[in-house]
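Data block below; observations after.
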Amino acid sequence: MTGGLRSLLGGDRDEGDRTVALFVDGPNVLRDEFDVDLDDIRAAGVRLGQLVVSRLYLDEHATPGLIQAAEARGFEVVVTSGDVDVKLAIDATELALDDRVDVLAISSRDTDFKPVLEKAARNGVRTVAIAPGEYGRSDALRNAAHESFVIEE
């Protein structure tokens, strides 16, 4: 973990009172080369505060077993036949702009989400970039977020 989560959680609200939206870019995170566990990603979100949104975005090729496993771990699964990145970006930006969350966490290695993190930050939302292993870390996401860390294998 770079910088630690403690620095992210400063401020007047207790850690448990912070509302967190966790968005996971399935096609870019759940790859064999990263060996990332959905439980570890969810645990990272929980450490940031109270998860009010926990979504895993998948494409139409997702297996029923993956969908079932994600739902069993508390994720709302969003399957799209279009571009996963576009759907996730729109949903995350919309949520960050309507003041429902204190923290926006995105687990991805895709720099497409840099504008989402920047917009959320300009709206007063704390941002976190969660990388799927050192190899999957995006410098652009890390630099755009208030805080970033890596899910270790």
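Values in this text are rule-based calculations from the coordinates and carry no lab data. In this text the structure is predicted, and so the values were computed from the model without any measurement. With ideal geometry, Cβ positions are generated from the backbone for all residues, glycine too; neighbour counts draw on all protein chains shown.
How much of the DSSP bridge set in the chain is antiparallel, in percent, rounded to the nearest 5?
5
Ignoring everything except DSSP H segments at least 4 long, calculate the 222 nm mean residue ellipticity for the chain; use -39,500 (n - 2.57) per segment, divide by total residues, nearest 500.
Mean residue ellipticity, 222 nm, calculated: -9500 deg cm²/dmol.
Please compute the length gained on full extension between I90 and D59, using 0.36 nm multiplied by the number of residues separating them and subtracting their Cα-Cα distance.
Contour length minus Cα-Cα distance gives 9.6 nm.
Determine, for R47, R122, the number of other Cβ atoms within 10 Å of each Cβ, and report the residues in order from fewest to most.
R122, R47
How big is Rg to Rh over segment 14-150, alpha-carbon atoms, Rh as the Kirkwood inverse-mean-distance radius?
For segment 14-150, the value is 0.93.
Cut-off is 10 Å between beta-carbons; in what order do F75, F34, F113 appear when sorted fewest neighbours first?
F34, F75, F113
With angles folded into 0 to 90 degrees, how steeply does helix 38-48 sit against the dominant principal axis of the chain? Use alpha carbons for both and round to 10.
10
How far apart, in nm, are the 7 Å Cα→Cβ label points at A72 and A43?
1.8
Could you pull out which residues in segment 31-63 have an amide N less than 17 Å from a spot 7 Å beyond the Cα of E134, following the Cα-Cβ vector?
Of the residues in segment 31-63, 33-36 have backbone N under 17 Å from the label point off E134.
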